[in-house]
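In what follows, a structure is listed as structure tokens, so that the remarks can point back to it.
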Amino acid sequence: MKHIYTGDGKGKTTAAVGMTVRAAGAGKRVLFYQFLKDNTSSEIKPLKELDNVTVLKGMDNIGKVWTYTGAEIEKLKPYFSEKLSEISKLTESCDVLVLDEFFVAVKYGYLNYGEAYEFVKAFPHDKELVLTGRGADEKFIDLCDYVSRIDSVKHPYGNGVQARAGIEY
């Protein structure tokens, strides 16, 4: 089945990581990839140590993607198109595919909308697909079986508290 974790609240990646751990514990082979994160998020190290979990390396030093200019975005589009193609080929070898920050990559144009949509639409029905990120639109929501919208009621960031290792990343 296909799963979405979206919304402006904290916990989308956390939910996907939890599903990764649960699936691995049940003997399922999991392929995990983070769009728009630079391999330094705290969940990566323990995921790499789990049997049955393969973590694909993301782009190093990607930075704050929401500040990128059109030219910078255009430079990165081929990278993410190739990465999605690579992931598509590797899907045969997994039972669960987790694509973290997928919708943010689509929203900012790093990942072509049509290409991303066709990938999700064509994803094999005998596997689980987990997609996270703010901004999942109705077309993607209609394709999926599980959709969780995580809303922020209160967050310390509003009081000037910066993201903390092991909590937000």
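None of the figures in this text is laboratory data; all of them are computed from the coordinates on show. Given the structure is predicted, the values throughout are model-derived calculations rather than measurements. Methodologically, a virtual Cβ is constructed for each residue, glycine included, from the backbone with ideal geometry; neighbour enumeration extends over all protein chains shown.
Listed values, structure above:
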| read-out | value |
| --- | --- |
| Placed amide H near VAL98: partners under 5 Å, 5+ positions off or other chain | LEU31, PHE32, TYR33, VAL130 |
| For the stretch 36-46, 3J(HN,Hα) per residue [Karplus equation, 6.51 cos²θ - 1.76 cosθ + 1.60, θ = phi - 60°, Hz, x = Gly/Pro] | 6, 10, 9, 6, 10, 5, 4, 6, 5, 4, x |
| Estimated vicinal HN-Hα couplings, Hz - the stretch 54-68 in sequence order (Karplus 6.51, -1.76, 1.60; Gly, Pro = x) | 10, 9, 7, 5, x, 6, 6, 6, 6, x, 8, 4, 6, 9, 5 |
| Net lengthening on full extension, ARG29/ARG134 (0.36 nm per residue, minus Cα-Cα) | 35.2 nm |
| Note, ³J(HN,Hα) from phi for the stretch 13-25, Karplus 6.51, -1.76, 1.60, rounded to Hz, x at Gly and Pro | 5, 4, 5, 5, 5, x, 5, 4, 4, 4, 5, 4, x |
| Efficiency of FRET from Cβ geometry, SER85 and ASP51, R₀ 25 Å, rounded to 0.05 | 0.40 |
| Ranked ILE4, ILE167, ILE150, criterion: other C-beta atoms within 10 Å, fewest first | ILE167, ILE150, ILE4 |
| Total formal charge among the other residues, if their Cβ is under 11 angstrom from that of VAL106, Lys/Arg +1 and Asp/Glu -1 | 0 |
| Cα-Cα P(r), the chain, percent of pairs per 10 Å interval | 10, 40, 39, 11, 1 |
| Distant-in-sequence amide H partners of MET59 (H built 1.01 Å from N, under 5 Å) | LEU36, LYS37 |
| FRET efficiency, 1/(1 + (r/R0)^6) with R0 25 Å, evaluated for LYS64 and VAL153 via beta carbons | 0.50 |
| Neighbour net charge for ALA122 - beta-carbon separation under 12 angstrom, K R +1, D E -1 | +1 |
| Contact order relative to length of the chain, as percent, for alpha carbon pairs under 8 angstrom and 6 or more apart | 40 percent |
| The chain: calculated mean residue ellipticity at 222 nm from DSSP helix runs of at least 4, using -39500 (n - 2.57) | -11000 deg cm²/dmol |
| Amide H partners (placed H, <5 Å) of ILE4, local residues excluded | LEU131, TYR146, VAL147, SER148 |
| Around TYR146: net Lys/Arg minus Asp/Glu count, Cβ-Cβ under 15 Å | +2 |
